[in-house]
Structure formats: C-alpha cells, structure tokens
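Take this structure first; my questions come after.
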Amino acid sequence: MKFSLSFGAALLFAAGAVFAQNPQIAIGTAAVDSVPQTTIVPVQQAPVHITEHTTVYEEPTRHMTRPERRAYRARVYAARIDSLVQSRNYLFYPNSMQQRPKGLIRSIYADYFFFGLLVDRVEVHLPVETGATQYVGMLNFDAPSIRDYRAVRGASAWQVSFGFVDGAEEYRAELTVSTVTGETVLMLDTPETSMRYAGWLWNKRMGDPKFRRLD
C-alpha cells in the first residue's frame with residue numbers, strides 16, 4: 001500500500017509537471033514569436049533617425065584642420081545655394097528696399113513679405129515705392145506663368161532673370177544670388193516703378209515648423 005501510494009503520488013506529480021510545462025512552452029513560444037514583432041520596428045527606424053540628426057559636416061571634417069573645415073563648410077553652403085536655385089522652387093525674403101535709381105534705402109522688418117519663384121507660378125507680396133514722394137504701396141498677386149527664364153552660374157553668384165504678368169501688366173525680375181554670403185538682390189520692374197530689394201532665399205514659408213535658414 002505504501003509503495004502503490006508513493007507510485008501514484010509520483011504519477012500524479014509527473015502528470016502535474018507535464019501539465020505545468022505546457023503553459024510554459026506556450027508562453028515561451030509566444031515570447032519567442034513576439035521578438036521579431038517588437039524588434040523589427042526599431043531596426044527599420046534606426047537609419048532614418050540617424051540620418052535626420054547627422055549633419056553633413058560631422059563625418060568628412062573629423063580629421064580636418066580648422067581652416068580646412070571652414071573651407072569645406074563654405075563649399076557645402078555654395079552647393080546648397082546651387083541646388084536651391086536649380087530647383088526653381090524657392091522664396092525670396094527681403095530685409096531692405098529701395099526705389100531705383102536713387103531712392104532711400106528702407107529696412108523691412110515685417111516677415112510676411114516675400115517673392116516666390118515656384119514651379120508653376122510666381123507669388124508676389126512686396127512693398128513698393130512710387131512717385132516723387134516715395135509713397136509706399138503693396139504688390140500682392142500670383143502670376144500663373146513665367147516667361148523667358150534664364151539662370152547663369154558665375155564664379156561666386158547666380159544671375160536669374162524672367163518675366164511674368166498680372167492681368168495686362170508686365171513685370172520683370174532679376175535675381176543675383178551670392179554662393180559665398182547668401183545675399184540675394186532682387187531687381188523688380190513694374191509698370192509704375194522699379195525697385196531694388198536685398199534679402200535671402202529659402203525653400204520654406206515663414207512660420208513653417210521646419211523653417212530654417214541656410215546660415
């Protein structure tokens with residue numbers, strides 16, 4: 001009786017052990033199966049994360065001297081200007097204006113003025129001066145077509161010129177974009193006046209969450 005009880009207890013214990021192992025195996029399988037599901041996302045996202053937070057200067061300049069690094073950054077800046085102009089999709093932000101040929105130079109502090117050369121149109125929102133009293137007015141329109149577009153790369157600057165119309169009124173724009181300093185000068189001929197603006201280019205609108213100047 002004592003032997004049969006011990007044998008039965010052993011059988012019961014063995015059965016319990018087997019029964020207890022089944023949930024462990026199931027849990028282990030679920031854990032193993034879940035590994036690729038939980039780790040595959042970080043593995044895919046890691047390269048994107050690194051790219052977004054790595055600047056173009058870090059790796060190439062590691063073994064450069066300080067003068068070499070500054071020269072390299074100047075070349076990179078010029079290349080960015082080249083890319084921006086060649087895209088034909090950018091905005092000019094003015095910080096000064098002058099009625100040609102000898103008007104007063106006025107500062108522009110309002111950040112909502114711009115001149116946009118976009119892929120399929122020209123957007124104009126600029127202050128202008130007209131008349132002997134240099135009355136300050138405003139241009140505010142979109143032109144759906146661009147005429148006689150021309151862009152020439154010089155030693156240190158781009159020369160861009162084109163025409164556009166607003167209804168029956170014709171306009172002519174000439175942009176000089178420095179690849180060294182980023183300074184951009186816009187000469188704008190309108191039916192009533194001729195203006196000179198100084199400012200800079202970028203490919204985003206003011207207020208865009210990703211807005212950041214080249215410099």
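The values are calculated or read from the model by the stated rules, or taken from the named source; none is laboratory data. Everything numeric here is computed off the predicted structure, so don't read it as measured data. All accessible areas refer to the heavy atoms of the entire protein, side chains included, with ligands and DNA or RNA removed. Shrake-Rupley method; radii C 1.70, N 1.55, O 1.52, S 1.80 Å.
Give the long-range amide H neighbours of S194: residues separated by 5 or more places, or on another chain, with amide H under 5 Å away, using H modelled in the peptide plane at 1.01 Å from N.
So S194 has HN proximity to R100.
May I ask you to compute the full-extension gain from R62 to N203, defined as 0.36 nm times their residue separation minus their alpha-carbon distance, rounded to one decimal in nm?
Gain on extension, R62 to N203, equals 47.8 nm.
I've got another one for you. In whole percent, and with a 1.4 Å probe on the protein chains, what portion of the accessible area of the range 63-215 is carbon and sulfur?
49
Working from the pairwise distances between different alpha carbons, so that the mean of 1/r is found and then inverted, what is the range 145-191's Kirkwood radius in Å?
For the range 145-191, inverting the mean 1/r across all distinct Cα pairs yields 11.4 Å.
Further, regarding this structure: Which value results when the Cα radius of gyration for the range 65-205 is divided by 2.2 N^0.38 Å? Before the final figure, lay out each step's value.
Numbers: Rg = 15.9 Å, N = 141, 2.2 N^0.38 = 14.4 Å.
My calculation over the Cα atoms of the range 65-205 gives 1.10.
Please report, to two decimal places, log10 I(q)/I(0) for the range 83-150 at q = 0.13, 0.14, 0.24 Å⁻¹ as given by the Debye formula with identical point scatterers on the Cα atoms and no solvent.
One equal scatterer on each Cα of the range 83-150 leads to -0.44, -0.51, -1.09.
Given the whole protein assembly as supplied and a 1.4 Å probe, what does the accessible area of D166 come to in Å², nearest 10?
Around 50 Å² of this residue is reachable by solvent.
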